[in-house]
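**Student:** Mind having a look at this structure? Questions to follow.
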Amino acid sequence: MYNAKAYSAASATAPLASDTIARRDPTERDVQIEILFCGICHSDLHSVRNEWSDFMSTNYPIVPGHEIVGRVTQVGSAVTKYKPGDLAAVGCLVDSDGTCPNCKAGLENFCPNQILTFNSPDKHLGGVTYGGYSDSIVVDERFVLRVPSNLDLAGVAPLLCAGITTYSPMRHWGVTKGKKVGIVGLGGLGHMGVKFARAFGAHVVVFTTSPDKTEDALRLGADEVVVSRNAEEMQKHAGSFDFILDTVSAKHDINAYLNLLRLDGNLTLVGASPIPLDVSAFSLIMARRNLSGSNIGGIPETQEMLDFCGEHNITADVEVIPIQKVNQAYDRLLKSDVKYRFCIDMASLKSA
């Protein structure tokens, strides 16, 4: 083992603060990474404050962070894909059983025995895994990703969660040139959805409750912006969408968007509302519409997404902060006061 610097929370009500944690020495299959940037995901905040205790209780101390970009510093003797000096990334997963049908299909994100980057059982050291609010991390080579060298590294970090969360359902449901795609909500997930839909060649419509977001939506690549509280504007688009990505994590009228789908259209939820959404059967059956959900993506698809971003010069819009401002960033995140993701410059940890 070796000691690593990190920021952790000691309880659900404690602020994140400087800490020292144990990391394992690299085994023969491991890659050690110096963390350069780590994005802040809303799930970091939920986990730190134990707001998902009903299905994933937090173990303290917790070191969050699963949007990790860095540089390889050491590799194990059996590692073949990486060498010291390479740019590398780690997302939401650091291990899985590798034997279940989902793993064999490259869908490790649906493995029943997946190990999350933080707050999962650590089979090497005991206790739980610690995430990217740290100066380094050691990860099995199978869960390390290559980073295109032409992209801004701070903007790459959120791709490891927000990016793959929006890319994966678009690929699965066949978003391509000529399709009409709706993006509900223009936040951390929504702004990535706009960028990907645009890059796939779709006609992109952003739905927002805030008229003042129109200019930004168009800048990000939207062709049209609809204020969802305007019934007349909504009605103009009835029955016309091939695919809608719903990124809203609060209770809202899902039927208003289902009714915008054409025959066999699909609406995918990636925003996780804690309050169940009321779905009218008629919103689905009258046009054989599909309502689905999606989480991140498997390792092969996440690498595909990063390569796609390299080809199309896609990164997240980020506000880079020092680790010392992480607690203020959490407070601002609750107010949606960021465009569109926070990213921590981990060099700041050296002075923590």
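The values are calculated or read from the model by the stated rules, or taken from the named source; none is laboratory data. None of these values were measured; they are calculated from a predicted model. Here Cβ is always computed from backbone atoms with ideal geometry, including for glycine, and neighbour counts include all displayed protein chains. Protein only, heavy atoms only, side chains kept; ligands, DNA and RNA dropped before computing areas. Shrake-Rupley method; radii C 1.70, N 1.55, O 1.52, S 1.80 Å.
**Student:** Decide, for the range 30-156, between rounded, prolate and oblate: order the square roots of the alpha carbon gyration tensor eigenvalues as a ≥ b ≥ c, take rounded if a/c falls under 1.5, and otherwise choose prolate if a/b is larger than b/c, else oblate.
**Tutor:** Cα axes put the range 30-156 in the oblate bin.
**Student:** What is the spin-label model distance, in nm, from residue 34 to residue 172 if the labels are put 7 Å beyond Cα along the C-beta direction?
**Tutor:** 3.8 nm
**Student:** Something else: What ³J(HN,Hα) values, in whole Hz, does the Karplus curve 6.51 cos²θ - 1.76 cosθ + 1.60 give for the range 175-180 when θ = phi - 60°, with x put for Gly and Pro?
**Tutor:** Computed from phi, the couplings for the range 175-180 are 6, 9, 4, x, 7, 9 Hz.
**Student:** Using only the Cα atoms of the range 240-321, what do you get for the radius of gyration and for Dmax, in Å?
**Tutor:** 15.8, 49
**Student:** How large is ³J(HN,Hα) for each residue in the range 290-306, as worked out from phi by the Karplus curve 6.51 cos²θ - 1.76 cosθ + 1.60 (θ = phi - 60°), to whole Hz, x for Gly and Pro?
**Tutor:** Whole-Hz 3J(HN,Hα) from phi for the range 290-306: 10, 10, 9, x, 8, 10, 3, x, x, 4, x, 6, 5, 5, 4, 4, 5.
**Student:** Hey, what's the chain come to in accessible area per residue, 1.4 Å probe, Å²?
**Tutor:** 43 Å²
**Student:** If you place +1 on the Cβ of every Lys and Arg and -1 on the Cβ of every Asp and Glu, how big does the dipole about the Cα centre of the range 221-290 come out, in debye to the nearest 20?
**Tutor:** Result for the range 221-290 is approximately 180 debye, rounded to the nearest 20.
**Student:** Cβ neighbours within 10 Å, averaged per peptide: list 346-352, 298-304, 98-104 in order, most packed at the top.
**Tutor:** 298-304, 346-352, 98-104
**Student:** Specify the inter-centroid distance of the range 99-169 and the range 29-85, based on alpha-carbon positions, in whole Å.
**Tutor:** Comparing the Cα centres of the range 99-169 and the range 29-85, I get a distance of 7 Å.
**Student:** Along the charge dipole of the chain, Cβ charges K/R +1 and D/E -1, which of 293, 351, 75 sits furthest on the positive end?
**Tutor:** Towards the positive end, the residue furthest out is 293.
**Student:** Still on this structure, please answer the following. Remind me, relative contact order of the range 197-352 in percent, using alpha carbon pairs under 8 angstrom and six or more residues apart?
**Tutor:** Once divided by the residue count of the range 197-352, the mean separation gives 14 percent.
**Student:** Something else now. In whole Hz, with x marking every Gly and Pro, tabulate ³J(HN,Hα) for the range 41-56 from phi via Karplus 6.51 cos²θ - 1.76 cosθ + 1.60, θ = phi - 60°.
**Tutor:** 9, 4, 5, 4, 5, 4, 5, 4, 9, 6, 7, 10, 4, 5, 10, 7
**Student:** If you scale each eigenvalue of the Cα gyration tensor by 5 and take the root, what three semi-axes come out for the range 110-236, rounded to whole angstrom and sorted largest first?
**Tutor:** 35, 16, 15
**Student:** Quick check for me: using +1 on Lys/Arg Cβ and -1 on Asp/Glu Cβ, what's the dipole size of the chain about its Cα centre, in debye to the nearest 20?
**Tutor:** Charge dipole of the chain: 320 debye, to the nearest 20.
**Student:** Which of 62, 116, 261 sits closest to the plus end of the dipole of the chain, meaning its Cα is farthest towards the positive end, when Lys and Arg get +1 and Asp and Glu get -1 on the C-beta?
**Tutor:** After comparing all options, I get 261.
**Student:** If you roll a 1.4 angstrom probe over the protein chains with everything in place, what fraction of the accessible area of the chain belongs to carbon and sulfur, to the nearest %?
**Tutor:** Heavy-atom surface of the chain belonging to carbon and sulfur, 1.4 Å probe: 51 percent.
**Student:** In debye, nearest 20, what is the charge dipole magnitude of the range 87-143 about its Cα centre with +1 on Lys and Arg Cβ and -1 on Asp and Glu Cβ, if you could check?
**Tutor:** 140 debye
**Student:** Let me ask another. Translational D (Stokes-Einstein, µm²/s) of the chain at 10 °C and 1.306 mPa s when Rh comes from the Kirkwood sum over C-alpha pairs?
**Tutor:** Roughly 77 µm²/s, to the nearest whole number.
**Student:** May I ask for the angle, rounded to the nearest 10°, between helix 188-199 and the longest principal axis of the chain, with both axes built from Cα atoms and the value confined to 0 to 90°?
**Tutor:** Compared with the principal axis, the helix lies near 70 degrees.
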